[in-house]
Structure formats: C-alpha cells, structure tokens
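Report on one structure; see the data block that follows.
The values are calculated or read from the model by the stated rules, or taken from the named source; none is laboratory data. Bear in mind that the values here come from a model prediction, so they are computed numbers and not experimental data. Don't worry about glycine lacking a Cβ; one is built from the backbone with ideal geometry, like all the others, and counts go over all protein chains shown. Remember, those area values only see protein heavy atoms, side chains included, never the ligands or the DNA or RNA. Shrake-Rupley method; radii C 1.70, N 1.55, O 1.52, S 1.80 Å.
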Amino acid sequence: MKTWFITGATPGGFGLAFADAALERGDNVVVTARRPHLLQAWARPYADRTLVLPLDVTDSEQIRAAVQAAEERFGGIDVLVNNAGRGWYGSVEGTPDAEVRKSFELNFFAVVDVLRAVLPGMRARGSGAVVNMSSVAGMRGVTGFGYYSAAKFAIEGLTEVLRAEVEPFGIHVLAVEPGAFRTHAYAGFSEEAVNETVDAYRPLIEEVRTFMVDQDGKQAGDPVRGARAVAEALDSDRPPNRLVLGADGHEAVVRHLEDVLAGLRSHEEVARAADFPPGE
C-alpha cells in the first residue's frame, strides 16, 4: 500500500481524479486544498485511508506542516503529485507585473517548495515517485497564455534535471502534459475580466477568453481516464519520463516537435559552422 500526497485537490479537477485512482488501487491518499471543507463529504467513505489538509501552496510554512502531518499519519509519502496551479491569460507585453509574479509563485515556485519538503523523506527511504503536472503549454507556447506557458516550460526543465539528480535514490520523476480536459479549470474564465494593459492586444486576449469560456464542458479529455493512465504508467517496469494526455494534446506536441526538428535540420550547416575548425 502506497501513500499519495496530492496538491490542488479542487472538486471537479485533476487532483481528486488522482485521489480516486489511488483509492481504487487500495492506496492511502493525502489531499490538500485551500478550501478543505469542500472535500469532507468526498473523504468520509474512506476515512481510514484519506487525510484532508488545508494548504495554500504559496505558503512555505503551510507546506512543511502539511507534509509533516501526512508523514505522521501514514508513515511517509510514496507518490507526490504536484497538481496545484492555474492558467492566466494576457499578452506578454501587457500582463500586469503583479499577475506575472502571482502566476510564477503558484505555477513554479510552489512546486519547488513542495518538492523540497517531500524529497528528504523519499531519499531516506530510498524510493518514491514524483508527478509534476505540466501542460501541453509546457511543450509549445500557447498564444495569450505567455506567462503560463513560461512557467510550465520552467517545470519541464526543472523536472528533467531533478529526474537525473534523484534517480540514484530510487526516485522516479514524471512530467505530465495534459491537453484540453473536462475539468473546472475553464469555468473560472467566465468570471474573470480581461486585465490587459496594452490596448493593441485587447482584441486578441478577448478572443482567447471567449474561446476558453465556449469550450468549457466540451473538452475531449476525461480526467478520470487521465489520472488512471498516470497511475498505470507509474506502476510499469519502465515508467516514462513524460506523458502527454489526450489526443488533441498528443497531436499538438508531436506536430510542434516535428517542426522544431525540421527547423534544426534545415540550419544544421550553420550550427556546425560556428565551431572552431578541427585542430584549432
């Protein structure tokens, strides 16, 4: 029996889908949320195998307290799912500074803080798995979500380096890149006004917002199937380093990487000509 620690377990999101997948497998689950009272009814049938904790992942002290509570209750954390995060739309030039910093605090620095709190226990036990929830936007930038894309690109780089660093301690690190999934993530955009400081980009950002609102409830991705796919991947003999979820996301990432590779090959001669000649 394993113990999962899942951040951002908002009802209707990926967090609870991961929790349900873990419970289906007979594992223990620690879920965290800013509003834990919303999870009490969900947790009640599994009281002996669940722990619901309040957590604002941008608060380092709360993170350490939550990890300590999880370890005291279940003896250790075997699987960490860094799921907390959200999207912000706005142009690169015109997104207010405060929103840029808030986006990185939640989508990047909070992940770092949770990792630093959980990894010592995994290293001590010589085993563990880390799931960092990235996005298709971490593999190719999404217009209108420049800073969200940048934060997810940062998660991709962090995950790649962390994987090499902790592998000797028996810890595997997986990046998960969902496409469009039918969670409540898009629903919040309908209540969020465009906060764009450069008028030239306002029509573009309004169009992006309208598209996201219109797509709410129509996304092809099923978070339940997605979470189960991640759990199964972690159980495989050779877990993948990354897992793109959803047909639309997979197609978008493959198409983008093929374009990147074609561009690299078309400029290979230029790249190689930048070296000193052989023997110099």
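At-a-glance table
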| item | result |
| --- | --- |
| Long-range amide H partners of Gly128 with built H, under 5 Å | His172 |
| With every protein chain in place, segment 166-273: carbon and sulfur % of accessible area (1.4 Å) | 52 |
| Accessible area (Å², per residue) of the chain, counting only protein heavy atoms and a probe of 1.4 Å | 52 |
| Sorted largest first, extent of segment 169-226 alpha carbons per principal axis (Å) | 51, 29, 16 |
| Carbon and sulfur %, accessible surface of segment 1-62 computed with the full protein complex present, 1.4 Å | 49 |
| For the chain, built as a Gaussian network whose Cα springs stay under 10 Å, the top-fluctuating residue of Gly226, Gly157, Gly13 | Gly157 |
| Global geometry of segment 1-97, whether rounded, prolate or oblate, following the gyration tensor of its Cα atoms and the 1.5 cut on a/c | prolate |
| Qualifying GluC sites (Glu not before Pro) in segment 47-134, DSSP loop, other Cβ atoms within 10 Å at most 12 | Glu93 |
| Of Leu243, Leu39, Leu261, the one that fluctuates the most in a GNM where the chain has Cα springs shorter than 10 Å | Leu261 |
| 26 Å Cα-Cα reach of Lys102 towards lysines, excluding residues that sit fewer than 8 places from it in its own chain | Lys152 |
| Cα gyration tensor category, rounded, prolate or oblate, for segment 183-276 with a/c compared to 1.5 | oblate |
| Eligible aspartates and glutamates near Lys2 by straight Cα distance, threshold 13 Å, same-chain separation 8 or greater | Glu24, Asp27, Glu71, Asp78, Asp235 |
| Per-residue ³J(HN,Hα) for segment 136-149, Karplus 6.51 cos²θ - 1.76 cosθ + 1.60, θ = phi - 60°, Hz, x for Gly and Pro | 4, 5, x, 9, 8, x, 10, 4, x, 10, x, 7, 5, 4 |
| Shape category assigned to segment 111-174 from the gyration tensor of Cα positions, a/c cut at 1.5 | prolate |
| Candidates Tyr46, Tyr148, Tyr89: whichever shows maximal mean-square fluctuation once the chain is modelled as a Gaussian network with Cα springs under 10 Å | Tyr46 |
| Contact order relative to length of the chain, as percent, for alpha carbon pairs under 8 angstrom and 6 or more apart | 18 |
| Sparsely packed trypsin sites (Lys or Arg not before Pro) within segment 222-254, loop by DSSP, other Cβ within 10 Å at most 10 | none |
| Value at 222 nm in deg cm²/dmol, rounded to 500, when DSSP H runs of n ≥ 4 in the chain each add -39,500 (n - 2.57) | -14500 deg cm²/dmol |
